[in-house]
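Okay, structure first, notes after.
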Amino acid sequence: MSAALLDVSHVGKTFGRGGLFSRRRIVAVDDVSFQIDAARPEIFTIVGESGSGKTTLSRMILNIERPTRGALVFDRLDLKTVRSSAGRMAFMRKVQPIFQNPFEAFNPLKQLDRYLFMTRRRFHAEADQAAIEVAVDGALSKVGLSLKEVRRRYPHELSGGQLQRVAIARALLSNPKLIVADEPVSMVDASLRMSIVNLFKALRDDLGISIIYVTHDLATAYYISDRIIIMQKGKVVESGDARAVLNAPQHPYSRQLRAAVLLPSMAAAGRQVCPSE
């Protein structure tokens, strides 16, 4: 077993499509490998266009999809062995998702504070409501909100940026070691993207949480990432230090993505999306 926080080893995923007589195999992820160091929190970014396999890969890391081949080991735990409800709960306590659309992450008929209280009770054994509220308020404070601002409010009463912050706070309530964020700013107003992106950097630096950041956007990837892999048709075509890869891409597909950013430099792209750099 790996000593890494996450060890993705030669992972692949094949889907079967069509009917009985027209069955065909679609390779969504093909022989992907990387590690995230347990001792050094980082933002590891998976970049690719629609159909590149990046979301399927993230779903396998979250143990939502099972790999067809290869192995995923998280904190010395082989995810193939995580089958019981207790095992899934223990895994979810350490690995939390942030999805693309925050409005789909919450029941529109349920007040947000109730969601957060329920999440805290699910992962921790606090019986005292006051202790639960302290924990929820603490998680919200880490994302620039407070329980007072969220109490008795429904999802539609918050902006997309605020609601994505609530989703991040909910993820923090389990005290995770890893967050998997799939296109977390693509549904957020452009004026608010900087605050969400900077929040992920703060979670890495202040709380020691590693983040897998899944995106098609090279500008935010350049700004936020420590390391990066670029995927095309299920394969990793380039990987390494994020700025080194994006400043001087070697693979033709990477160069094609880089050329699509109509700015003089990736540094300019990062400043435009996140001007506080």
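The values are calculated or read from the model by the stated rules, or taken from the named source; none is laboratory data. These figures come from a predicted structure and were not determined experimentally. Note that we place each Cβ from the backbone using ideal geometry, even for glycine, and neighbour counts take in every protein chain shown.
Quick rundown of the values:
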item: Verdict on I230 being aliphatic (A, V, I, L, M), farther than 19 Å from E49 by Cβ, crowded, with 19+ Cβ neighbours inside 10 Å and in contact (Cβ under 8 Å) with a residue 24 or more places away in the chain; result: no
item: Output for segment 182-193, where each listed residue is in contact with a strand residue (DSSP E or B) (Cβ under 9 Å, 6 or more places away or on another chain) and over 15 Å from V143 (Cα atoms); result: D182, E183, S186
item: Residues being free of Cβ contacts under 8 Å to residues at least 60 places away in the same chain and assigned to a loop (DSSP other than H, G, I, E, B) - total across segment 39-71; result: 8
item: Out of T45, T81, T56, T68, sole residue that is over 28 Å from V245 (Cα atoms), polar (S, T, N, Q) and in contact with a Lys or Arg (Cβ under 8 Å, 6 or more places away or on another chain); result: T68
item: Contacts under 6 angstrom Cβ, first residue in segment 171-195 being touching a residue at least 60 places away in the same chain (Cβ under 8 Å) and hydrophobic (A, V, I, L, M, F, W, C), partner in a strand (DSSP E or B) and surrounded by fewer than 22 Cβ atoms within 10 Å (Cβ to Cβ), 6 or more apart; result: V180/P97
item: Residue among R152, R165 that alone is on the phi > 0 side of the Ramachandran plot and basic (K, R); result: R152
item: Condition check for V95: among the hydrophobic types (A, V, I, L, M, F, W, C), in contact (Cβ under 8 Å) with a residue 40 or more places away in the chain and surrounded by 17 or more Cβ atoms within 10 Å (Cβ to Cβ); result: yes
item: Test for G87: is it under 23 Å from the mean Cα position of the chain (by Cα), outside any helix (DSSP H, G or I) and small (G, A, S); result: no
item: Counted residues, segment 155-186 - those being modelled with pLDDT under 95, of a type in the set (G, A, S) and more than 19 Å from T55 (Cβ to Cβ); result: 4
item: Complete set of residues in segment 71-92 that are surrounded by 17 or more Cβ atoms within 10 Å (Cβ to Cβ) and either at pLDDT 95 or above or more than 21 Å from S9 (Cβ to Cβ) (or both); result: L72, V73, F74, M92
item: Of the criteria (1) under 20 Å from I209 (Cβ atoms); (2) surrounded by 15 or more Cβ atoms within 10 Å (Cβ to Cβ), which one L147 fails; result: (1)
item: Residue in segment 90-103 that is among the basic types (K, R) and assigned to a helix (DSSP H, G or I) present; result: yes
